[in-house]
1. Net charge within 13 Å of Y26 by Cβ-Cβ distance, Lys/Arg positive one each and Asp/Glu negative one each, not counting Y26 itself?
2. Taking segment 198-330 as the region of interest, what is the percent of Cα-Cα pairs per 5 angstrom bin, listed from the shortest bin to the one with the maximum distance?
3. Quick check: net charge around G352, other residues with Cβ under 13 Å of its Cβ, Lys/Arg +1 and Asp/Glu -1?
4. What are the radius of gyration and Dmax of the chain, computed over its Cα atoms and given in Å?
5. Report the label-to-label distance for D331 and E64 in nanometres (one decimal), using points 7 Å from each Cα along the Cα→Cβ vector.
6. Tell me, in nm to one decimal, what length is gained between E286 and S85 on full extension, where the rule is 0.36 nm per residue of separation less the Cα-Cα distance?
7. Please give, to one decimal in nm, the separation of the simple spin-label points placed at R449 and T75, each 7 Å out from Cα toward the Cβ.
8. Under a Cβ-Cβ cut-off of 13 Å, what is the net charge of the residues other than G321 that fall near it, where Lys and Arg count +1 and Asp and Glu count -1?
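Each reported figure results from applying straightforward, stated rules to the coordinates on display, with no laboratory input. From a predicted model like this one, the values you see are computed outputs, not experimental measurements. FYI the Cβ positions are ideal-geometry reconstructions off the backbone, even for glycines, and counts take in every protein chain you see.
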Amino acid sequence: MSSLCLCLTAPTYDGVLAQLERYRSYIDMAEMRLDLLNPSERLKAVDLPVRTEIPLILTIRLPEDGGLWGKNGETEEDRVNLFLSLLESGAWAYIDLEHERTMADAAAAAAADAAGTRIIRSMHDFDGTLLEQPVSDLAEMIRRMAEGGSIPKLAARCTGSRRLLTLARVALATESIGEKVILGMDEYGTPSRILADRFGSVWTYASALGGPGEPPAAAPGQLDPKTLETLYRFSEINESTPLYAVVGDPIAHSRSPIIHNGWLRDAGLKGTYLPVRADDIATLLETCDIWGLRGLSVTVPHKEKALAICDYSGYPARRIGAANTLLRVGDGWRAGNTDAAGFLEPLPGAMGLGSVEELKGKKALIFGAGGAARAAVHALIDAGLKLVILNRTIDKARQLAEETGQAWGPLSDEALPLLEGGVDLAVQTTSVGMHPNEKADPAPWWNPRGCSLVYDMIYEPVETVLLARARSAGVRTLNGSDMLKAQARLQFELFTGCQAPE
Ligand SMILES: NC(=O)c1ccc[n+]([C@@H]2O[C@H](COP(=O)([O-])OP(=O)(O)OC[C@H]3O[C@@H](n4cnc5c(N)ncnc54)[C@H](OP(=O)(O)O)[C@@H]3O)[C@@H](O)[C@H]2O)c1
């Protein structure tokens, strides 16, 4: 099981102690980043190991490795001297020294050996190009970093799914090294921080985040200890923990981790559900194979490709032509779709109707022809509605409409003649207006007046520009929140075989 290490990033010593106090109950160890501490206060850290009674890492980072040492005119000699002064106490569990500075840091390494302080040999790669090298070369580099009993640490920026896969493969190829840290920086690399155990990392790093005046994270993509522990149950993750994820791009806004992790906990089930940013779903699935991931929620923009690359597909996904759920079956993946059922669940109530049957014969306008639109279109056709499908890429609108025998048009005012006589329902399924582009309106030329309901699948923001316009026009509105919960509940049942708790 991996430990949780808090990076102490405050510029004052009191701030450092406050960070430790705030996260004390979540962490196993801490890293004292002396380069981030005000120069006049650095020597105060000498008593930190005695005060904290948890294993501490002593680190002074140079700018090229993501630190601030030298920004106040400090020299290389000052750096060595500071190391030597602090190591004298013999109370530091670890010292972090850059692999590429082995010669320059020889004096600090000797003092660490004499003090019984373990050496971490670090390699930081901020542009991620290291991960373009063959896995075997990277594994060999890590083996060399482990020589002499050091703990090798590789922190490489993950700029896409391919690099996260490389990192996972490097972790696999260095399985025999008992103590190491392998992690990916940036949002694409965040899974390596949550799944430190799967990466064979002895610990993961976290930063104090979000407090008033809090400094930035010690490295890009770090989470705070409370989130790691309370949301992802970090300390319970081991090789038998069932893993699930939501995969998309963007992914930071997704509420699915809060929903699924809450249900897993409330149902008393083992398991962690994490957000994974992916620019390529096929590459991501290869990475999931290494992690042994059991189930995936799929979101923008991967739903159609997810269906295409799956080994098996369930009836709803095949018919809809998009998958929002992937389940591991043996060595492969089975595609499913819970969007259609989730979409329909809140609809009659939101329209003031008693049942789905009462939707029959009504006319609906659909904005968009992507994966989510496909789910809505099939659900509405099954419920007996007539549809007009409008999309920016007109060929996709035509294809979906022709597949299902509905009307279609462009996502522009040229489609207005198709809407003569009005519509009972408008369903917004494009990503236009979604966080962070909250000011965008997918159809500024369309007036919602006269419609019974405008249903926008977006849930972040709570009210999109389109929904605000509808409300001002006296039209009922529904955002994507209820659908999100309904489709997630069905997914949870597929993932775990258990009902989602109320
Ligand atoms: N509430 C829920 O549970 C739930 C479930 C599923 C989806 N959603 C939401 O539904 C939205 C779409 O998801 P999806 O899975 O269908 O994604 P998708 O398959 O990638 O489809 C995206 C759709 O948005 C359109 N679009 C994107 N950018 C556009 C722009 N700048 N102008 C006009 N149209 C644009 C695309 O048109 P083109 O074909 O021209 O690219 C396509 O119709 C997302 O906001 C997602 O969060 C919510």
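1. Details: positive: R22, R24, K226, R233; negative: E21, D28, D224, E229, E236.
Summing Lys/Arg as +1 and Asp/Glu as -1 gives -1.
2. Calculated over all Cα pairs of segment 198-330, the distribution is 2, 9, 18, 20, 20, 16, 8, 4, 2, 1, 0 percent.
3. On the way: positive: K362, R476; negative: E358, D424.
Residues close to G352 contribute a combined charge of 0.
4. When restricted to the Cα atoms of the chain, Rg and Dmax are 26.5, 86 Å.
5. Distance between the two pseudo-spin positions: 4.5 nm.
6. Working: separation 201, 0.36 × 201 = 72.36 nm, distance 4.77 nm.
This chain segment gains 67.6 nm when fully extended.
7. About 7.8 nm, to one decimal.
8. On the way: positive: K303, K305, R318, R319, R374, K396; negative: E304, D339, E402, E403.
With Lys, Arg at +1 and Asp, Glu at -1, the neighbours total +2.
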